[in-house]
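Note sheet for the following structure.
What follows is calculated from the coordinates using simple rules that are stated; it is not laboratory data. The shown structure was predicted, so the numbers you read here are calculated from the model rather than taken from an experiment. Cβ coordinates were reconstructed from backbone atoms using ideal geometry, including for glycine residues, and neighbour counts include every protein chain displayed.
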């Protein structure tokens with residue numbers, strides 16, 4: 001199987017395709033309609049071949065900024081971005097509905113915030129909506145709800161949103177159409193000797209060091225770092241991810257023919273709850289552990305109070321927390337205790353917990369069945 005074959009209808013029953021602002025919108029704020037029509041034609045071919053399609057489309061802020069005459073592409077302030085998004089989203093949705101409709105495909109708009117996919121109940125609601133729409137043959141067109149999102153509760157880029165949507169929809173692949181061809185050994189705009197990396201078997205520190213945080217066009221909000229973080233989220237849900245250059249006509253078809261791009265093959269799928277945990281972008285607090293506990297966790301053990309050295313944050317029982325060793329999050333899970341009780345029993349042996357808390361306690365801080373290693 002070639003790299004591109006992982007994303008073909010036969011191997012990838014459900015595909016998420018993300019399109020960035022720099023590809024969809026011209027510098028003066030107009031939709032690249034002819035280019036987009038070619039992308040939609042390819043999506044229609046895939047749909048006819050049995051592949052379920054979800055589109056994550058940027059462009060609302062860029063389109064709205066032109067209509068409102070806002071400086072800085074509508075990103076000069078949070079208020080400008082919200083106003084531009086509210087104005088541009090109507091035009092963006094109309095364009096997608098019209099082009100998909102020309103191929104007898106029905107579009108559905110879904111606007112999501114970070115909390116919609118971080119809160120477990122709302123995540124399951126979104127998952128059910130995706131499932132029903134796809135079963136009906138509809139093409140969901142997703143964007144972050146920038147009209148209400150704030151700096152504190154937002155994805156901030158549609159790369160990670162696309163990967164999180166893939167988790168919620170149970171997708172098997174994510175293609176990020178970008179203004180760059182993929183991951184290079186260095187920033188190709190600054191280093192002409194940089195070479196394209198065709199496949200990345202694992203996302204270790206050396207790979208992350210190759211990324212650049214900048215958005216080449218100035219219209220988007222992501223960068224290569226966001227795309228690598230998206231790959232990590234996609235992997236948590238068992239989905240392959242590809243970064244593919246989108247500047248040419250028919251970029252999805254070109255990828256299928258030439259395989260040019262960077263592919264991040266996914267490991268085996270984990271359970272749905274653990275995939276949700278691993279793909280989260282936020283946590284309510286942290287428990288710091290010693291080296292012995294860190295080693296035990298990597299061996300599949302639960303987190304016992306004796307291995308905890310510190311508690312941070314105001315979490316409650318059932319909240320998602322990070323488990324930290326040597327300054328780095330090594331695991332994430334659902335806390336069995338409120339932060340106040342966790343702090344009281346940190347470092348204590350199991351036989352001492354009842355005396356400290358005054359009641360019969362749970363034996364672990366985080367159970368292995370509700371924990372994922374990062």
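Quick rundown of the values:
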read-out	value
Angle in degrees between helix 224-236 and the longest Cα principal axis of the chain, rounded to the nearest 10	60 degrees
GNM result for the chain, Cα springs below 10 Å: residue of 114, 177, 78 fluctuating most strongly	78
Helix 158-169 axis, angle to the chain major axis (alpha carbon atoms, nearest 10°)	70 degrees
Helix 78-101 axis, angle to the chain major axis (alpha carbon atoms, nearest 10°)	60 degrees
Choice from 24, 344, 92 showing the highest fluctuation, given a GNM over the chain with Cα pairs closer than 10 Å	344
The chain: calculated mean residue ellipticity at 222 nm from DSSP helix runs of at least 4, using -39500 (n - 2.57)	-11000 deg cm²/dmol
Packing rank of 295-303, 351-359, where each peptide gets the mean count of other beta carbons within 10 Å, highest leading	295-303, 351-359
Antiparallel DSSP beta bridges within the chain, as percent of all bridges there, nearest 5	40 percent
The chain, relative contact order [Cα under 8 Å, separation at least 6], %	14 percent
Spatial separation of Cα centroids for the stretch 299-370 and the stretch 13-87, in angstrom	44 Å
Mean Cβ neighbour count within 10 Å, used as a protection proxy, ranking 320-328, 235-243 highest first	235-243, 320-328
Most to least packed among 155-162, 284-291 [average Cβ atoms within 10 Å]	155-162, 284-291
Listed residues 73, 253, 279, most fluctuating in the chain (Gaussian network, C-alpha, under 10 Å)	253
Three-way shape call for the stretch 283-373 based on the alpha-carbon gyration tensor, with the a/c threshold at 1.5	prolate
